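Everything below concerns the one structure shown next.
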Amino acid sequence: MSDEPIRRATIETTHGDRETAERIAAAVRPDNTEDMRTVVDGATVETTIERPTTGGLQSTADDYVVNLQVAAQLANRDGAPSTDTSDT
């Protein structure tokens, strides 16, 4: 076990209402590692990431933000199945 401190980042995003925030949190949770925790507080999704290195923290945060952006984009759709790919 290292004596080095753990690096930690918390990313908070607000999504209009609790239902939307819950959908977004459910979409990103499967990609969380054991060192990540995602919770919903009202319309806010909060994810805390802990890593032993600054580089590892940065890489994980970057990946998470991309996943979060995709989840937020999909959460804003009506949820109906579609074959329309005109906006992809």
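Residues in the stretch 20-42 that are over 12 Å from ALA72 (Cα atoms) and not hydroxyl-bearing (Ser, Thr, Tyr): ARG29, PRO30, ASP31, ASN32, GLU34, ASP35, MET36, ARG37, VAL39, VAL40, ASP41, GLY42. Only one entry in THR38, THR20, THR33 is β-branched (Val, Ile, Thr) and in contact (Cβ under 8 Å) with a residue 40 or more places away in the chain, namely THR20.
The set of residues in the stretch 26-42 that are in contact with a strand residue (DSSP E or B) (Cβ under 8 Å, 6 or more places away or on another chain) and at pLDDT below 95 comprises VAL28, ARG29, ASN32, ASP35.
With respect to the stated conditions, ILE24 fails to be in contact with a Ser or Thr (Cβ under 9 Å, 6 or more places away or on another chain), part of a strand (DSSP E or B) and surrounded by 15 or more Cβ atoms within 10 Å (Cβ to Cβ).
The values are calculated or read from the model by the stated rules, or taken from the named source; none is laboratory data. Here the structure is a predicted model, which is why all the values come from computation and not from measurement. Virtual Cβ from ideal backbone geometry, glycine too; neighbours counted across all protein chains shown.
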